[in-house]
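Student: One structure follows; several queries about it will come next.
The values are calculated or read from the model by the stated rules, or taken from the named source; none is laboratory data. Keep in mind that this is a model prediction, so the values were computed, not measured. When we count neighbours, we look across all protein chains shown, and the Cβ atoms used for this are built from the backbone with ideal geometry, even at glycine.
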Ligand code: BGC
């Protein structure tokens, strides 16, 4: 795929949609600056979150904007997305597994759609416009939320579907111990959670030797409470795009026509 640069021949506007377990959010994006160009619209994720129900909600969201028909549309999804097809399903209905996300959403909206893993989209946005902007080398973006998502970007090129939240560490699926949802579930204070993050990030840096780690997800706005407690050899910084990262990244990838083949 094309390395990430924000100055290029690609369209300067696109639409991004972030499909999550609790909400479906979308907005047009100004790709020159990497910002939403209108307020984002959020519709609760239907329950059950089957492909047909979610696609209908996405169509409702797209129709609530007056968009040119050829505007590129990028969709994020909390799952492995291989060539447009969901290969897993985190916090969405299992019937998504094996479903072509691009096809289902394209037929509901009548538009050309590209689909990406949620962390990949967020990581790409941070590379183009945020905390990893201008960084060469190996950048790892980790999102801490209900699960742990990861995006590996090497000299501006995204290596999709790294799924590093599912490393097995000390006999556990890593995200079940170190995600933000684990902090809440186990009622951990920041120091207790930071111990789990320390174990997680140490394993990750020993395996990948990244030049930079960027930490995203909603909790990254409280980064002062836990990032200073980590003792790593890799520089680790908070994400900058916060909850717009998925929308911006999906729009940027779609504008490049990236299918991550
Ligand atoms: C999923 C990933 C996703 C991450 C964040 C994990 O459980 O396996 O595909 O990126 O959660 O939503």
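Student: Only one of these conditions is not met by residue 124: (1) within 11 Å of the ligand (Cβ to nearest atom); (2) touching a helix residue (DSSP H, G or I) at 6+ places or on another chain (Cβ under 7 Å). Which number is it?
Tutor: For residue 124, the exception is condition (1).
Student: Now for a different question. Might you check whether a residue that is under 26 Å from residue 176 (Cα atoms), within 16 Å of the ligand (Cβ to nearest atom), assigned to a strand (DSSP E or B) and in contact (Cβ under 8 Å) with a residue 60 or more places away in the chain occurs anywhere in region 91-98?
Tutor: No.
Student: Spot the failing condition for residue 175; the list is (1) part of a helix (DSSP H, G or I); (2) within 10 Å of the ligand (Cβ to nearest atom); (3) under 20 Å from residue 101 (Cβ atoms), and only one is missed.
Tutor: In the conditions (1) part of a helix (DSSP H, G or I); (2) within 10 Å of the ligand (Cβ to nearest atom); (3) under 20 Å from residue 101 (Cβ atoms), residue 175 misses (3) alone.
Student: Just wondering, is there one or more residues in region 112-120 that are outside any loop (DSSP other than H, G, I, E, B), surrounded by fewer than 24 Cβ atoms within 10 Å (Cβ to Cβ) and more than 9 Å from the ligand (Cβ to nearest atom)?
Tutor: Among the residues of region 112-120, not one is outside any loop (DSSP other than H, G, I, E, B), surrounded by fewer than 24 Cβ atoms within 10 Å (Cβ to Cβ) and more than 9 Å from the ligand (Cβ to nearest atom), which makes the answer no.
Student: In region 147-159, which residue that is over 16 Å from residue 245 (Cβ atoms) and in contact (Cβ under 8 Å) with a residue 40 or more places away in the chain is nearest to the ligand (Cβ to nearest atom)?
Tutor: 157
Student: In addition: Does region 136-166 hold any residues that are assigned to a strand (DSSP E or B) and under 11 Å from the mean Cα position of the chain (by Cα), and which are they?
Tutor: Answer for region 136-166, where residues must be assigned to a strand (DSSP E or B) and under 11 Å from the mean Cα position of the chain (by Cα): 141, 142, 143, 144, 148, 149, 150, 151.
Student: Further, regarding this structure: Report whether or not residue 109 is in contact with a helix residue (DSSP H, G or I) (Cβ under 6 Å, 6 or more places away or on another chain) and either within 10 Å of the ligand (Cβ to nearest atom) or on the phi > 0 side of the Ramachandran plot (or both).
Tutor: no
Student: So, one more: Within the bounds of region 221-230, is there any residue that is over 29 Å from residue 21 (Cα atoms), in a helix (DSSP H, G or I) and in contact with a helix residue (DSSP H, G or I) (Cβ under 6 Å, 6 or more places away or on another chain)?
Tutor: yes
Student: Quick one: residue 63 ticks every box in (1) out of contact with any strand residue (DSSP E or B) (no Cβ under 7 Å at 6 or more places or on another chain); (2) at pLDDT 95 or above; (3) farther than 15 Å from residue 24 by Cβ except a single one, so which number is it?
Tutor: Residue 63 satisfies all of (1) out of contact with any strand residue (DSSP E or B) (no Cβ under 7 Å at 6 or more places or on another chain); (2) at pLDDT 95 or above; (3) farther than 15 Å from residue 24 by Cβ except (3).
Student: So which pairs qualify, if the first residue must be in region 107-122 and closer than 21 Å to residue 56 by Cβ, the second must be in a strand (DSSP E or B) and near the ligand (Cβ under 9 Å from one of its atoms), the Cβ gap must be under 6 Å, and the two must be at least 6 apart or on different chains?
Tutor: If the second residue must be in a strand (DSSP E or B) and near the ligand (Cβ under 9 Å from one of its atoms), the pairs left are 115/77; 115/81; 116/76; 116/81; 118/76; 118/149.
Student: Another question about this same structure. Whether any residue in region 129-136 is more than 15 Å from the ligand (Cβ to nearest atom), outside the structural domain of residue 19 (by TED's automatic domain parsing) and over 22 Å from residue 242 (Cα atoms) is what I want to check.
Tutor: Looking through region 129-136, none of the residues is more than 15 Å from the ligand (Cβ to nearest atom), outside the structural domain of residue 19 (by TED's automatic domain parsing) and over 22 Å from residue 242 (Cα atoms).
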